Amino acid sequence: MWTKRLYCQPLLPIPYPLSYVPNPLYAPRFRLATLDFRMASISSSPVSGYRGRLAPSPTGYLHVGHARTFWTAFQHARDAGGTLVMRMEDLDAERSRTNFADAAMEDLRWLGIRWQEGPDKGGPFAPYVQSKRRALYLAAWRKLLSRGCLFACRCSRKDVDSALVAPHERVQSETRGSKLDILDDEPIYPGTCRHLIGHAPQLPGPTSVDIEKPDGINWRFRVCDGEAIEFVDGNLGPQRFVAGVDFGDFIVWRRDGGPSYQLACVVDDAAMRMTEVVRGADLLKSTARQILLNRALGFENPAWYHCRLVVDHNGWRLAKRHDALSLRALRQRGLTPMNILAAELPVET
Ligand SMILES: [Zn+2]
């Protein structure tokens, strides 16, 4: 296989941070990351059992941070001679758009990323769009309920927030504007409805639960306070999170009628036989929760590999507001995939 590692700087004038100039004031906060950008393509017929995935949320255009994480996922699958799966995570019905899903796949193809299974290709584990996989999530919810792992919770997000989050923290969380806000930064649940295990509030007992319809109330997974969840991340090394301290009882089914990200993710990763999950470091705490879900559901854990997040010049994680750093915008400015993937970018430490 012909390979070449490229260290070139972008050839055209481009917006910060692709044209990052070290700032002595902020330099110590950054670790500059480069990608191994090799001109090789993934084999069309896998030679190993490795299975990885690309799982974009179609709620906006992909930015340079996504590009680098997805490139890493592609590289792992390619180097392993395995299979890469495209899975569209469109459970946020309010914000998900078909045109963003199409744009995400087009942008990734433009970067040179190829996958063997997905909404556009089909495959043995179709459908590859989460909004069409509700029956699987419902079955998992039922299994968790029957195993006594869940309780119904009447608290609103506002109730939980106001009980636990200091105002300045809330402001910071809102300004981040990333997937993180609703996932890793989910406030620690105060335990208000914990005693209602296995049945809905104001109902006389477990038999009153309509197990066909979890909708209309939040269902939370009860964690064991003080339990340490440890795993070794392929990129970031040993990780340790403590239930009740780093995260609390988390939502697995939302009152508005759908599974949470955590539940859908573990169900799909198990059903699609993922052997490694490559994603952003904003999901590290989600991994701890997903390890608990995997254990409760009898699923094996995949290997984990969390990529450091690209940040802007203020050290903030990239989000939808960084329009100038969307792959669309950079492509329109004349940048090539090589410019984007081989550039040195500041990352969160
Ligand atoms: Zn509650």
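Of all trypsin sites (Lys or Arg not before Pro) in the stretch 283-349, which ones are in loop regions per DSSP and have a Cβ with at most 15 other Cβ atoms within 10 Å?
LYS320, ARG321, ARG333
Which GluC sites (Glu not before Pro) in the stretch 288-349 pass both tests, a DSSP loop state and at most 11 other beta-carbon atoms within 10 Å?
GLU300
Would you please put 124-137, 230-243, 264-277 in order of how densely packed they are, using the mean number of other Cβ atoms within 10 angstrom per residue and starting with the highest?
The densest-packed peptide leads the list: 264-277, 124-137, 230-243.
List the residues, sorted by chain then number, that are 5 or more residues from ARG53 or on another chain and whose placed amide H is less than 5 Å from its amide H.
VAL85, VAL278
FYI, it's all coordinate maths here, none of it is from the lab. Values in this document were obtained by computation on a predicted structure and should not be read as measured data. Please note: Cβ atoms are built from the backbone with ideal geometry, for glycine as well, and neighbour counts cover all protein chains shown.
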